[in-house]
Amino acid sequence: MTARRTATVTLVALGIVVAALALWKIRIVIALVFLGFIVAAAMRPGVEWLQLRARVPRTIGVLVHYAAIGGVLALFLWLVVPRAIDQVQQAVGSVPTTSKARKRQ
């Protein structure tokens, strides 16, 4: 009886360790699935409103939402990236190189 109980406890413990390692290995997939659920839940009221009020099919409503998100992201990048490039170029331009420092010595 003791050997059987020990074997059962050992198998359960091993199963828990294996499950934890498997979940750790696929954590990015799990995170992306939850992100998909969040995006879908956030879009649902807008898609349903478009379907009821404007008679837009659900597929087109989802595409409209993704187009809007893509447009906002593109606008943000259009506004931020040129300024960031200028700042990085100014920062890199003012850094002394090692070859100039060696020539001074």
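The values are calculated or read from the model by the stated rules, or taken from the named source; none is laboratory data. Being a predicted model, the structure only gives us computed values, none of them experimental. Note: areas computed on protein heavy atoms with side chains; ligands, DNA, RNA excluded. Shrake-Rupley method; radii C 1.70, N 1.55, O 1.52, S 1.80 Å.
Laid out as a table, the results:
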item	result
Inter-centroid distance (Cα atoms) of segment 50-75 relative to segment 1-35, Å	41
Rounded, prolate or oblate (a/c below 1.5 giving rounded, otherwise prolate when a/b exceeds b/c) for the chain by Cα gyration tensor	oblate
Of all accessible heavy-atom area on the chain, the percent that carbon and sulfur account for (1.4 Å)	71
